[in-house]
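Presented below is the structure to which this report refers.
The values are calculated or read from the model by the stated rules, or taken from the named source; none is laboratory data. On a predicted model such as this, the values are computed, not experimentally measured, just so you know. Note that each Cβ is placed from the backbone with ideal geometry, even for glycine, and that neighbours are counted across all protein chains shown. For accessibility, only protein heavy atoms count, side chains too; no ligands or nucleic acids. Shrake-Rupley method; radii C 1.70, N 1.55, O 1.52, S 1.80 Å.
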Amino acid sequence: QVQLVESGGGLVQPGGSLRLSCAASVNIASIYAMGWYRQVPGKQRELVAGIIITGRTNYTDSVKGRFTISRDNAKNTVYLQMNSLKPEDTAVYYCNGGYRLGGNVYWGQGTQVTVSS
């Protein structure tokens, strides 16, 4: 089983930056795809950013140019660098990963990000 633990959330002012970390219990080089999702009350959980083992990434339109997903295989950690944060970025952010298309998906416990003055 894959265990994922998010960290780095907190309170930040609009325009500020924050870096989220997702530490995996396995070698992330063996995980085909990893991503960051976010969810707010009353709204559907949405994909924020994803990365596959080849290094290709994708982002939801609302964060393009502001957020960057990356991996550090030596630390078995995936990061989400968030810049120019907006109040609408406020959400619980979840890390996930999967070994293959159509297979099981593993989720972290989530970390709260609040963007407010």
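Points to keep in mind about this one:
- Tabulated pairs, segment 102-117, first surrounded by 12 or more Cβ atoms within 10 Å (Cβ to Cβ), second outside any strand (DSSP E or B) and at pLDDT below 95, C-beta under 7 angstrom, 6+ apart or interchain: 106/2
- Counted residues, segment 42-51 - those being part of a strand (DSSP E or B) and surrounded by fewer than 15 Cβ atoms within 10 Å (Cβ to Cβ): 2
- In segment 86-117, the residue that is nearest to the chain's Cα centre (by Cα) out of those that are among the polar types (S, T, N, Q) and part of a strand (DSSP E or B) is 96.
- Scanning segment 66-91 for residues that are in contact (Cβ under 8 Å) with a residue 60 or more places away in the chain and surrounded by fewer than 21 Cβ atoms within 10 Å (Cβ to Cβ) yields a count of 6.
- Subset of segment 15-41 (residues that are closer than 19 Å to residue 92 by Cβ, outside any strand (DSSP E or B) and either among the aliphatic types (A, V, I, L, M) or in contact with a helix residue (DSSP H, G or I) (Cβ under 6 Å, 6 or more places away or on another chain) (or both)): 40
- Restricting attention to segment 92-101, the residues that are open to solvent by less than 60 Å² (accessible area, probe 1.4 Å) and within 16 Å of residue 25 (Cα to Cα) total 5.
- Here is the figure for segment 1-14: residues that are under 16 Å from residue 106 (Cβ atoms), open to solvent by 30 Å² or more (accessible area, probe 1.4 Å) and outside any strand (DSSP E or B) total 2.
- For segment 54-85, filtering for residues that are touching a helix residue (DSSP H, G or I) at 6+ places or on another chain (Cβ under 7 Å) and in a loop (DSSP other than H, G, I, E, B) leaves 1.
- Neighbours by Cβ (under 7 Å, 6+ apart or cross-chain): first from segment 9-26, on the phi > 0 side of the Ramachandran plot; second open to solvent by 30 Å² or more (accessible area, probe 1.4 Å): 10/18; 15/84
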